[in-house]
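J.: Here you go, one structure.
The values are calculated or read from the model by the stated rules, or taken from the named source; none is laboratory data. Everything numeric here is computed off the predicted structure, so don't read it as measured data. Because the Cβ atoms are built from the backbone with ideal geometry, glycine has one as well, and the counts that use them run over all protein chains shown. Accessible surface areas use protein heavy atoms only, side chains included; no ligands, DNA or RNA. Shrake-Rupley method; radii C 1.70, N 1.55, O 1.52, S 1.80 Å.
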Amino acid sequence: MTDRLRRLRDVDPILIQAVIAAAISFSHIHDVAEAAGQTGWKAWAYPVSVDLLLVMAWKLIRAAKGTGKRTPGPWIWFILALAASLGANVATAGVLDLSAPPTALRTVVAGWPVLAFFGGSLLLHGRRQAEEKAEPEEAWEEPQLPAGEPEAEPVEEVPSAPLKAPDAPILRTYAEVAKSLAVSDVTVRGWASQGYIQKYRGPAGRGVLVDLRECTKRHHSVHRPVGP
C-alpha cells in the first residue's frame, strides 16, 4: 500500500491534467463529427487525426528549436490542429446547435480528412529531411589501389676476395721496443722525441707507447748496410 501511494505521489500533476484535457477534447471532436453526419468508426477517426497532427507538428517544432532553424510549416499545421480542437470544444459548449449543425461546420468536417492527410504527409517528409541533415556525413576516402610488388633493391656488389684491413699499430713501450730491436731505450725515446716515430698515449701504468713496425723501419733505415 505504501509503494502504491509513493508511486501516485511521484506522478506529475501536469501530466494527469494533460491526459484529462486530451480525453475531454477527444470526446468533443467526436461529438462534432458525429453531429456533422460522420457516424460509427468515422466519428472516432476525427479526433485521432486531429491529435496526431497536433503531436507531430509539436515534435517538429521542438526538433527545429534544438537546431536553431525555424520553419513555418510545423507551426501552421500545429495552429490549424489546435484551432480544430479548440473549435470542437467551443461548439459543444452550446455555441452551436449540434442537432442542426450549420453548413459551414459540415463543410469543415467533410474536408478535414483530406486536409489532415496532406498536412501529415508534409510533416512526415519534413521530419525525414531533418533526420537526414542531422546524420553526420561520412568522410570520403580515396579508393586504395592494390598494393604492387615492392621494387627490387639494388644488389650491392661484393668483391670476390675480402679487402685487407690496414695494418694496426703494434704498440709497445720504449723498453719493449729497445729489447726487440737490440738497441738502447734512449735511442727509441730519441726517435719519438725527434718525430721519426709517432707516440701514443697508453693505458694507465704503461705511459707512452710507440709502434713496433715504425721503430723497426726506423732501425733498418739507420742501420742500412752501405753497398759497394
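J.: Which residues, taken from segment 52-75, are touching a residue at least 24 places away in the same chain (Cβ under 8 Å) and open to solvent by 50 Å² or more (accessible area, probe 1.4 Å)?
T.: Listed by number, the residues that qualify are L52, M56, K59, A63, T67, T71.
J.: Could you tell me which residue of segment 183-228 is modelled with the lowest pLDDT, considering only residues that are in a helix (DSSP H, G or I), of a type in the set (D, E, K, R) and farther than 13 Å from R172 by Cα?
T.: R218
J.: Which condition number in (1) in contact (Cβ under 8 Å) with a residue 40 or more places away in the chain; (2) open to solvent by 70 Å² or more (accessible area, probe 1.4 Å) is the one that V32 fails?
T.: For V32, the failing item is (2).
J.: Could we say that A168 is in a loop (DSSP other than H, G, I, E, B), at pLDDT 75 or above and either surrounded by fewer than 16 Cβ atoms within 10 Å (Cβ to Cβ) or in contact with a helix residue (DSSP H, G or I) (Cβ under 9 Å, 6 or more places away or on another chain) (or both) here?
T.: yes
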